[in-house]
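Undergrad: Pasting a structure below so you can have a look.
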Amino acid sequence: MELKCKVLRVGQTEVVSDKFKKRELIVEYAENPAYPQTLKFEASQDKCDKLDSLKAGDEINLSFNLNGREWTDKTGKVQVFNTLAIWKFEVVGTSSPNQSAPDPGENLPF
């Protein structure tokens, strides 16, 4: 699946075990600009380090898989977990937080 979105923040790499690590990527997706959605994606293993190049405000095309699994707890209750697993991304633009603010040294017409 693919999604064009804006990076809000990149989490720290979390070492879950000696064989597994993961890292969160929080993005804003606005199919309808009036109702933007905040979504959490996950990178794992060697893909964790690739997120180092991202910063808040980057516009990206994000390719991911939708993964899900069942888990049964000690009481027999079955739960389902979903993961939006990143497999590729491409930066297509950046936005600066002060993009609309004028340069203080700029000659203003008034």
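Undergrad: Shape of segment 5-60 from its Cα gyration tensor (a ≥ b ≥ c, root eigenvalues): rounded if a/c is under 1.5, otherwise prolate when a/b > b/c, or oblate? Could you put the intermediate results ahead of the total?
TA: Values: a/c = 3.41, a/b = 2.23, b/c = 1.53.
In terms of gyration-tensor shape, prolate.
Undergrad: Can you work out the accessible area per residue across the chain, with the rest of the protein chains kept in place, probe 1.4 Å, in square angstrom?
TA: Numbers: 8320 Å² over 110 residues.
Counting only protein heavy atoms, the per-residue value for the chain is 76 Å².
Undergrad: I would also like to ask the following. How big is the dipole moment of the chain about its Cα centre under a simple scheme where the beta carbon of each Lys and Arg is +1, that of each Asp and Glu is -1, and everything else is neutral? Debye, nearest 20, please.
TA: 520
Undergrad: While we're here: Would you mind classifying the chain by shape? Square roots of the alpha carbon gyration tensor eigenvalues, ordered a ≥ b ≥ c; an a/c under 1.5 is rounded, otherwise it is prolate if a/b is larger than b/c and oblate if not. Don't skip to the end; give the middle numbers.
TA: Working: a/c = 2.90, a/b = 2.15, b/c = 1.35.
Prolate, since a/c reaches 1.5 and a/b exceeds b/c.
Undergrad: Another one. Choose one of T13, L54, L3: the residue whose Cα lies farthest towards the positive end of the charge dipole of segment 1-85 (beta-carbon charges +1 Lys, Arg; -1 Asp, Glu; about the Cα centre).
TA: Toward the positive end, the furthest listed residue is T13.
The values are calculated or read from the model by the stated rules, or taken from the named source; none is laboratory data. Given the structure is predicted, the values throughout are model-derived calculations rather than measurements. Cβ coordinates were reconstructed from backbone atoms using ideal geometry, including for glycine residues, and neighbour counts include every protein chain displayed. Heads up: the accessible areas ignore ligands, DNA and RNA and are worked out on the full protein's heavy atoms, side chains in. Shrake-Rupley method; radii C 1.70, N 1.55, O 1.52, S 1.80 Å.
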